[in-house]
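One structure is given here, and the rest of the page talks about it.
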Amino acid sequence: MKIVVSIPAYNEEKTLASVIKRINAVTKKLKHKSEVIVVDDGSTDKTAEIAKKAGAVVYSHPRNYGLGETFKTEIDKALERKADVIVHIDADGQYMPEEIPLLLEKIEKGADIVLGSRFKGRIEGMSLTKKAGNRIFSLIVSYIIKMNISDAQTGFRAFTRKVAEETKITSAFTYTQDQIIAISRKKFRIAEVPVTFLKRDGKSRLMKSPLDYGIRGGANLIRLFRDYAPITFFGSIGMAFIAAGLALGSWLLYRFLTLGAIGKTPSIILTMLLLIIGLQFILFGFYADRKRR
């Protein structure tokens, strides 16, 4: 069995060498073949040069494409290098390479993907904003796949070659939820292990500010519902229109029964439009769900 440890990196010259050396120290003790690859996502510092000196195989994007596109490159290159198992870990040193064997142990016991759960383990560095966001995303993913996932956002995970071959990522912002949802629909076995999440040295390259995280995270949340739970997404919009139509219709009926006032034509037309639009949204949700399946 060959293990490829894959690292996405963007301007991580300060921490990357240490992470690679620690990974190599761990994998040398394993009974399997292994190597480290780094996908440099358009870094403007010496990330690629440092990764090569530390012994990693480096692939570089011409510019910064984002986590989702970088993850696609990681998978493609790991498969090209004949990986049987891919371990994905971040370049900033917040995850501990020494815990890689915990993930591999679950793979060897039959899991198809193993998620390193920060919330089941120990968290030393995570803002309240990110904690809340991660919890919300995990609840949404758990709802969509009908399985309890404590940390759907984790960047520390291991998965088999078959999972990699059948993973389809649609978001440029992130890969984390898409991979879990995609493989759950193919009945792959998902497991979690507790891991340590250390305090980051310096500012995050992934989150410019809590506002930036909230905007991008919110947009991705909407996309998740739209793409993977269309009945819930379009049904909720449809019910909102129907509720507005019923409220307006009830008010017109009340005025007619109590005051004898007949509603003006525009109000009656608006009521009908709201009800029809709401019904169309609901029907489209069922249609989208059928097409998705």
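Restricting 27, 15 to residues that are touching a strand residue (DSSP E or B) at 6+ places or on another chain (Cβ under 6 Å), in contact (Cβ under 8 Å) with a residue 60 or more places away in the chain, assigned by TED's automatic domain parsing to the domain that holds residue 87 and surrounded by fewer than 23 Cβ atoms within 10 Å (Cβ to Cβ) narrows the list to 27.
Quick one: which of 140, 144, 100 is in a helix (DSSP H, G or I) and over 24 Å from residue 230 (Cβ atoms)? Just a single option satisfies the conditions, and that option is 100. Report yes if some residue within region 38-48 is part of a helix (DSSP H, G or I), of a type in the set (D, E, K, R) and under 21 Å from the mean Cα position of the chain (by Cα); otherwise report no. For region 38-48, residues part of a helix (DSSP H, G or I), of a type in the set (D, E, K, R) and under 21 Å from the mean Cα position of the chain (by Cα): absent. In this structure, does residue 82 turn out to be among the basic types (Lys, Arg) and either buried (at least 17 other Cβ atoms within 10 Å of the Cβ) or in a helix (DSSP H, G or I) (or both)? Answer is no for this residue.
Out of all the residues in region 257-269, is one or more of a type in the set (Ser, Thr, Tyr) and without any contact (Cβ under 8 Å) to a residue 12 or more places away in the chain? Yes, because at least one residue in region 257-269 is of a type in the set (Ser, Thr, Tyr) and without any contact (Cβ under 8 Å) to a residue 12 or more places away in the chain. The requirement of being among the aliphatic types (A, V, I, L, M) and either surrounded by fewer than 17 Cβ atoms within 10 Å (Cβ to Cβ) or at pLDDT 95 or above (or both) is fulfilled nowhere in region 173-184; no residue meets it. Exactly one residue among 75, 136, 123 is crowded, with 23+ Cβ neighbours inside 10 Å and under 20 Å from the mean Cα position of the chain (by Cα), and that residue is 75. (1) modelled with pLDDT of 95 or more; (2) at negative phi; (3) part of a loop (DSSP other than H, G, I, E, B); (4) not acidic (Asp, Glu): which one isn't true of residue 117, the others all being true? Single failed check for residue 117: (3). For the condition more than 18 Å from residue 69 (Cα to Cα) and at pLDDT 85 or above, residue 138 qualifies.
Residues in region 249-287 that are in a helix (DSSP H, G or I), surrounded by 13 or more Cβ atoms within 10 Å (Cβ to Cβ) and modelled with pLDDT under 85: 255 alone. Only one of the numbered conditions (1) within 22 Å of residue 22 (Cα to Cα); (2) in contact with a strand residue (DSSP E or B) (Cβ under 9 Å, 6 or more places away or on another chain) is not met by residue 67, and that is (1). Please tell me if residue 72 is out of contact with any Asp or Glu (no Cβ under 8 Å at 6 or more places or on another chain) and not in a helix (DSSP H, G or I). When the stated conditions are applied, residue 72 does not pass them.
Among the residues of region 116-137, those that are without any contact (Cβ under 8 Å) to a residue 60 or more places away in the chain and more than 16 Å from residue 156 (Cβ to Cβ) comprise 128, 131, 132, 135. If you filter region 30-57 down to residues that are among the hydrophobic types (A, V, I, L, M, F, W, C) and touching an Asp or Glu at 6+ places or on another chain (Cβ under 6 Å), you find that the one that is surrounded by the fewest Cβ atoms within 10 Å (Cβ to Cβ) is 48.
The values are calculated or read from the model by the stated rules, or taken from the named source; none is laboratory data. As the structure is a prediction and not an experimental result, all values here were calculated from the model. All Cβ positions, even for glycine, are placed from backbone atoms using ideal geometry, and neighbour counts span all protein chains on display.
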